[in-house]
Amino acid sequence: MSMKNESKLNLIKSTHTLIWLFFNFVIFYMLYAAVVNKLDVWLWIGYGIIFLEAITLLIFKSFCPVTVLARNYSNSTKDNFDIYLPEWLAKHNKLIYTSILIVVMVITFYQLVK
């Protein structure tokens, strides 16, 4: 990999990691809000953000568009080639966060109907 491509990939990885951190904040706020029955505007904005992310993943055939972009600068087969995460977390990221979101949805529904 050329130095120019390596620099571009590092920038993409840094950006992707910041986006991942943002989504962690959103998801864990949603979990907190649902658990403590704080069904405020921020919870619903969180649902909107997650909905947009789901649509984006559907459009890109279950790949993050940042991963698609990073693929232009690497032919690595590692799950974390495009983000600064441990490989196991990058590999299971969708499963982990989808599971948390399902819990958030169930708790939110429970809070709404109780």
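What follows is calculated from the coordinates using simple rules that are stated; it is not laboratory data. Quick caveat: nothing in here was measured; it's all calculated off a predicted structure. Because the Cβ atoms are built from the backbone with ideal geometry, glycine has one as well, and the counts that use them run over all protein chains shown.
As a rough footprinting exposure proxy, the listed residues Val26, Val113 were ranked by other beta carbons within 10 Å of their own, and the order from fewest upward is Val113, Val26. For the pair Phe60 and Trp44, the difference between a 0.36 nm per residue extended length and the Cα-Cα distance amounts to 3.3 nm. Ranked for footprinting exposure by Cβ neighbours inside 10 Å, fewest first, Ser7, Ser2 give Ser2, Ser7.
Taken about its Cα centre, segment 3-113 carries a charge dipole of about 260 debye when Lys and Arg each add +1 at the Cβ and Asp and Glu each add -1 at the Cβ.
Across q = 0.18, 0.24 Å⁻¹, segment 3-113 modelled as identical point scatterers on its alpha-carbon atoms has Debye log10 I(q)/I(0) values of -0.92, -1.34, in the order of the q list. When the Cα positions of Phe22, Ile96, Met3 are compared along the charge dipole of segment 3-113, Met3 comes out farthest toward the positive end, with charges on each C-beta of Lys, Arg, Asp and Glu.
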